[in-house]
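So the structure is just underneath, and the comments pick up after that.
The values are calculated or read from the model by the stated rules, or taken from the named source; none is laboratory data. These numbers were taken from a predicted model, which means no experiment stands behind them. Here the Cβ positions follow ideal geometry from the backbone for every residue, glycine too, while neighbour counts run over all protein chains shown.
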Amino acid sequence: MLRPFSDFYFLISSALYVAAVAPAGPWDAFNYAPSSKTVFPVEVISSIGDVGGLLSFTVDAASENTSLELSFSESPLFISPHQSDDSCHYSLFMNGDGAQIIPLPTPSGKVTQTLAQQRGGFRYLTIVTTADDPVSISDVLVDITFMPHWNDLRAYSGYFIAEDPVFDDPKFLTKLWYSGAYTVQTNTIDPNQARSCTGTSGWDNSGNAGPVSGPVLVDGDMGISTHTQLVSTNDLLATRNSLIVMFSTQDPSTGSLQYSGPPINAQGSDTYISWSLIGAHNYFLYTGDLEFIRTIWTNYTYALGFLQSQVDATGLMNVPAAFAKDWGRDGEEGHNSAVNALLYRSLITAADLASWLGESSLSTAYLTNASSVKSAFNEILWDSSAAMFRDNENTSLHPQDGNSLAVLYNVTGNASQNAAISEGLTSFWTPIGPVSPELPDIITPFVGGFEVQAHFVAEQGERALDLLRQEWDYMLYTNISVQSTLLEGFTSNARYNVSDPAYTSHAHGWSTGPTSALTFFVLGLTLTGPQGSSWSVAPVLSGLQSAEGRFETSLGRFVIEALLGTVGTVRLPSSTNFMVDGENVSSASMSDGHPSFRLPGGVHTLIQPM
């Protein structure tokens, strides 16, 4: 727990672990998850926020040969009596999904959607009659189908609360943390309720998402969503199942992985292959499930070998056009900086997994290859005049993604390089977030989430929060969003997808980077060993007066809290004297100019005057 930074306190304690929800507190008021999975509209024109599932209602009176037309929308921009927003079919005229027709009267008087008809995400439902005769309906409700294995959507094991002394709404950071948590919940679905877009219009949410029996993640890249799961619900079952899908659909002839599983089965992305590999390591770090890693290890190393086969004489991956798909950006072919930063991280995390599996020679080989990639990355892509990395050696473009990932994943050479990149990234900023140079006119929260973390790594905490106040402020407070979950992306003029604005997702897991960033960097608590067998406390001061929160693993709860039998590193924000358990401490080893020391799990109180 972090108390006021004017006197910096935190408590490290231990307890016999019993899985439990977070304690009741003022943070509960910011939890966007509904208290029941049966949701009634708050008023005629709106629900509580973004929901999804099976709509039902009772037809109390209707004439023969009449019908109802149902249309759905996340944004109020696309409320229409005859068209839903586009969830399945990309359409220049924003009419791909259309509306659902309900013939009347019904035999029982009760109307309930089928699984195929259910709407994956909406805030606004419009019901109109298609004839002049009156129709009377009642009991309109939605049975939520996401998070199918959870009954209480609000039963988070983690929490976060902080007052923002700068922003107009002092509750902004807390609202943002919970918005990210709820977004990932909405992206967690039954594997037999996936989007299956057949035909030329309408929608079908009864597709099969792969060979698993439990929930899977959709619309949420594991490089972001898995961290959000840990700090909010500690429910990583969907990540595990999604990894099973990715590795079970591997191309047996090349080792490449899909970047979207069934029923879409999209292929051709080196970056998403890396995200699956990195996601496997994140899953292991947070769960300690080494047996799962053993089951996928052959496929995992085959996929990593596919990426390494693209490394040419320069020491960098040379991305072919056939595998250059990514988050939507342009120009990913060649010696792309983002791809190579992800390759470096994939190799580092693969080395750690190999070590845990007892394959020391393989671990050493991966580390050697990672070192070579890092050396070539800095030699070939660093632009000393701009103090940033280029997108590739043949361009003057300095990308948001490649530079953010280089800092986040330690592909840089030193702290001064991190600081320079952090400063350089601000040149892309607008009042509502950074416009990615690699995709002109587009603001992408996926990449923005990595930039937020990069600023924290560069020890620019106030800058990181300033970015949240720009980009995520717009998402949470604009009256054209759902104001409960987080947007896929938007344009620099505060609008949605240029070609089909109605297709933009308003609940996208890849936009939830701030949720884990607030826990990992503002609270400063991260796991360095499986399940939290080792941990680090290294808060980054960000101009806040106080912050409090917790998360848990299967070993126990971190409030900041650690278990007996564990050991961790504490890294304090400044080099002044401090007290540990009532004893003055005036010396400790230094880490980047900060006092750093080891503590065993147990109850400790640390005080550092600021």
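Couple of notes before you dig in:
- Hits in the stretch 310-335 - residues which are in a helix (DSSP H, G or I) and surrounded by fewer than 24 Cβ atoms within 10 Å (Cβ to Cβ): 321, 322
- Counted residues, the stretch 153-191 - those being in contact with a strand residue (DSSP E or B) (Cβ under 8 Å, 6 or more places away or on another chain) and among the polar types (S, T, N, Q): 5
- In the stretch 64-78, the residues that are crowded, with 22+ Cβ neighbours inside 10 Å never reach a residue that is modelled with pLDDT of 95 or more with C-beta atoms less than 6 angstrom apart, at least six apart or across chains.
Rundown of residues vs (1) touching a helix residue (DSSP H, G or I) at 6+ places or on another chain (Cβ under 9 Å); (2) on the phi < 0 side of the Ramachandran plot; (3) touching a residue at least 60 places away in the same chain (Cβ under 8 Å); (4) in the same structural domain as residue 555 (by TED's automatic domain parsing), yes/no style:
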| residue | (1), (2), (3), (4) |
| --- | --- |
| 204 | no, yes, yes, no |
| 210 | yes, no, no, no |
| 227 | yes, yes, yes, no |
| 232 | yes, yes, yes, no |
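- Taken as a whole, the structure leaves residue 125 outside the set of residues that are modelled with pLDDT of 95 or more and either among the hydrophobic types (A, V, I, L, M, F, W, C) or not assigned by TED's automatic domain parsing to the domain that holds residue 76 (or both).
- Odd one out for residue 245, checked against (1) of a type outside the set (Lys, Arg); (2) more than 17 Å from residue 350 (Cα to Cα); (3) outside any loop (DSSP other than H, G, I, E, B); (4) touching a helix residue (DSSP H, G or I) at 6+ places or on another chain (Cβ under 6 Å): (4)
- Take the conditions (1) touching a residue at least 12 places away in the same chain (Cβ under 8 Å); (2) outside any helix (DSSP H, G or I); residue 273 misses just one of them, which is (2).
Residues are listed down the side, and each one gets a yes or a no for (1) at pLDDT below 75; (2) farther than 16 Å from residue 140 by Cα:
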site	(1), (2)
4	yes, yes
46	yes, no
52	no, no
58	no, no
65	no, yes
82	no, yes
85	no, yes
94	no, yes
106	no, no
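- The stretch 259-270, residues that are at pLDDT 95 or above and part of a loop (DSSP other than H, G, I, E, B): 268
- Strands (runs of 3 or more DSSP E) enclosed by the stretch 68-177 - at least 1 residues per element that are in contact with a Gly (Cβ under 9 Å, 6 or more places away or on another chain) and small (Gly, Ala, Ser): 119-122, 159-162
- Boolean, residue 338 is part of a helix (DSSP H, G or I) and in contact with an Asp or Glu (Cβ under 6 Å, 6 or more places away or on another chain): yes
- Just one of (1) crowded, with 24+ Cβ neighbours inside 10 Å; (2) in contact with a strand residue (DSSP E or B) (Cβ under 6 Å, 6 or more places away or on another chain) fails for residue 144. It is (1).
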